[in-house]
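Got a structure here, written out as structure tokens. Questions coming.
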Amino acid sequence: MEHQKIRFVTANYAQLQGLRLIPIGLFLMLTAFDVLGVFDRQSLSAADRAQALTRMGLLAWLAIGAALAAPVYYRYRYGAVEGFDRRRRDRWITAAVFGFFVLSRVDRNLDWPVSLSLMLVSVSLFVTALNEHWVRPYYPVLAAMWLLAACWPMLGGSPPGARLALCGLGGLTLVVIGIGDHLLLSRTLATPPSPGDAPHPTTL
Amino acid sequence: MPRTRRPFDQLTALDKTVHEPARLAILTALSACRSAQFRYLLAVTGLTPGNLSMHLTKLEQKSLIKIEKGFAGKYPATAVHLTDAGRDAITRHWQQLRELEAAAKYLKASKA
């Protein structure tokens, strides 16, 4: 099992750098609160509204900056790994994202008690967990959360809009995956001595 | 009784260079990527730099890995990757371990 974990962590080292996802996830969740009207932007004056929008823009840049800085932290702490070509997996992710937007349009046109777009996210998360032999136990939990959201109208709730679902649930998903991946990486890898203490290559 | 002797035969046929736990962890990690830095191997194995250095030297002597020395800024950044022979060796080793596990399970089931 330990060797399976070593293989998984090494093969997915770049993807498991969870601190990249947390700031983006938090920003998306903040946007969801905005969509819900928590910040009550309508009651603000035009100048204050512009200021609030600038603040959101600044936060977006901060989140992107933090996400870009995270790999530097991991490289400094655990070193670098050059992985294999992941084009096939990237194609699947692109197809799933594209499928989400197509199905959310279908959801809007059809008045079904089940959201197909949210169902797609749930299935994608579940298939990923299955494919990875349940190494990341939080994936099925997130898949169940998206399934619940997809069936929410069937259970008597009002259907969440695509934007709210994408921002709120998407943000929460990114935060959970980010924390989980970071913990998986930091629990599997020991912290080596600082780079200055590493032996000079001539000693190898 | 060839079936009862088989696991032992398989056990003795294991490559000791590969089977040593630290080296097995190194080779397993390297089999999942193109190359890994010395620092990453320290993190994944939990070995001390001196110990890891010694194991890498042994693996390099057997031509299972290739070590490329360089610098990232002022720090040494040594990259390690499997050779074709190393990739074959680790694949074969895991296959042997799987067969051994299957044979042991068969033995246990036949005794019960």
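So, counting K/R as plus one and D/E as minus one, what does the shell of residues with Cβ under 14 Å around A:Asp181 add up to? The partial results should precede the final answer.
Details: positive: A:Lys5, A:Arg20, A:Arg136, A:Arg187; negative: A:Glu132.
The answer is +3.
Further, regarding this structure: Over chain B, how many pairs of lysines fall under 28 Å by alpha carbon, counting only those 8 or more apart in sequence or from different chains?
10
To the nearest hundred square angstrom, how large is the accessible surface buried between B and A, total for both chains, probe 1.4 angstrom?
Details: alone 7610 and 13330 Å², together 18130 Å².
Buried area (both sides, nearest 100 Å²): 2800 Å².
Can you give me the accessible area per residue for chain B, using a 1.4 Å probe, in Å²?
Working: 6220 Å² over 112 residues.
Computed with neighbouring chains in place, this is 55 Å² per residue.
Roughly what angle does helix A:46-78 make with the longest principal axis of chain A, taking Cα atoms, 0 to 90 degrees, to the nearest 10?
For A:46-78 against chain A, the angle is about 20 degrees.
Next question, about the same structure. Kindly sort A:Glu2, B:Glu99 by accessible area of their heavy atoms, largest first, with the probe set to 1.4 Å.
Values: A:Glu2 110, B:Glu99 75 Å².
Output order, biggest surface exposure first: A:Glu2, B:Glu99.
Per-residue HN-Hα couplings for segment B:12-28, Karplus 6.51 cos²θ - 1.76 cosθ + 1.60 at θ = phi - 60°, whole Hz, x for Gly and Pro?
6, 7, 5, 6, 5, 5, 7, 6, 4, x, 5, 5, 5, 5, 4, 5, 5
Tell me the carbon and sulfur percent of the accessible area for segment A:2-190, rounded to whole percent, probe radius 1.4 Å.
Working: 7500 of 11020 Å².
That share works out to 68 percent.
Keeping all protein chains in position, work out how much accessible area B:Tyr106 exposes to a 1.4 Å probe, and write it in Å² to the nearest 10.
110 Å²
Ignoring ligands and nucleic acids, what accessible area does A:His133 show with a 1.4 Å probe (Å², nearest 10)?
130 Å²
Measure nothing fancy, just the Cα-based angle from helix A:170-188's long axis to the longest principal axis of chain A, in degrees from 0 to 90, nearest 10.
20 degrees
Using protein chains only and a probe of 1.4 angstrom, how many square angstrom of A:Thr94 are accessible, to the nearest 10?
90 Å²
I would also like to ask the following. Could you put B:Lys74, B:Lys105 in order of accessible surface area, largest first, with the 1.4 Å probe and the full protein assembly present? Write down the numbers at each step before the final one.
Values: B:Lys74 160, B:Lys105 130 Å².
My answer, sorted largest first, is B:Lys74, B:Lys105.
Charges at C-beta only: +1 for Lys and Arg, -1 for Asp and Glu. How large is the resulting dipole of the protein assembly as shown about its Cα centre, in Debye rounded to 20? Provide the component values of the computation, followed by the final result.
On the way: 36 positive and 21 negative charges, 156 e Å.
Using Cβ point charges on Lys, Arg, Asp and Glu, the protein assembly as shown gives about 740 debye.
Would you work out which of A:Leu19, A:Ala143, B:His55 lies farthest towards the positive end of the dipole of the protein assembly as shown? Charges go on Cβ: Lys and Arg +1, Asp and Glu -1.
Of A:Leu19, A:Ala143, B:His55, it is B:His55.
Rounded, prolate or oblate: which one fits segment A:100-164, using the alpha carbon gyration tensor with axes a ≥ b ≥ c (rounded when a/c is under 1.5, else prolate when a/b beats b/c, else oblate)?
Values: a/c = 2.93, a/b = 1.89, b/c = 1.55.
It is prolate, given that a/c is not under 1.5 and a/b is the larger ratio.
Please compute the net charge surrounding B:Phe38, taking Lys and Arg as +1 and Asp and Glu as -1 over other residues with Cβ under 11 Å from its Cβ. The partial results should precede the final answer.
Numbers: positive: B:Arg39, B:Lys69; negative: B:Glu68.
Around B:Phe38, the charge tally is +1.
Also, I was wondering about something else. From the square roots a ≥ b ≥ c of the eigenvalues of the alpha-carbon gyration tensor of chain A, which class results: rounded (a/c under 1.5), prolate (a/b over b/c), or oblate? Provide the component values of the computation, followed by the final result.
Working: a/c = 2.70, a/b = 1.46, b/c = 1.84.
Cα axes put chain A in the oblate bin.
What does the charge add up to near B:Leu56, with Lys and Arg as +1, Asp and Glu as -1, over the other residues with Cβ less than 12 Å from its Cβ? All intermediate terms of the calculation are to be shown ahead of the outcome.
Details: positive: B:Arg23, B:Lys58, B:Lys62, B:Lys66, B:Lys69; negative: B:Glu60, B:Glu68.
With Lys, Arg at +1 and Asp, Glu at -1, the neighbours total +3.
Could I ask something else about it? Using a probe radius of 1.4 Å on heavy atoms only, what accessible surface per residue do you get for segment A:9-109? Whole Å² is fine.
Working: 6580 Å² over 101 residues.
For segment A:9-109, the solvent-accessible area averages 65 Å² per residue.
Which of B:Thr28, B:Thr83, B:Trp94 sits farthest toward the positive end of the charge dipole of segment B:7-111, with +1 on the Cβ of Lys and Arg and -1 on the Cβ of Asp and Glu?
Of B:Thr28, B:Thr83, B:Trp94, it is B:Thr28.
Still on this structure, I have one more. For chain A, modelled as a GNM with alpha-carbon contacts under 10 angstrom, which of A:Ile24, A:Ile177, A:Ile64 fluctuates the most?
Result for chain A, Cα springs under 10 Å: A:Ile64 fluctuates most.
Related question: When a/c reaches 1.5 or more, the comparison of a/b and b/c decides; with that in mind, is chain B rounded, prolate or oblate per its Cα gyration tensor?
Numbers: a/c = 3.12, a/b = 2.74, b/c = 1.14.
Because a/c hits 1.5 or more and a/b exceeds b/c, chain B counts as prolate.
Right, something else. If you fit an axis through the alpha-carbon atoms of helix A:116-131 and take the longest principal axis of the Cα set of chain A, what angle between them do you get, 0 to 90°, nearest 10?
Long axis of A:116-131 versus the principal axis of chain A: about 20 degrees.
The values are calculated or read from the model by the stated rules, or taken from the named source; none is laboratory data. The structure displayed is predicted, hence computed values, not measured ones. FYI the Cβ positions are ideal-geometry reconstructions off the backbone, even for glycines, and counts take in every protein chain you see. These area figures cover heavy atoms from the full protein model, side chains too; ligands, DNA and RNA do not enter into them. Shrake-Rupley method; radii C 1.70, N 1.55, O 1.52, S 1.80 Å.
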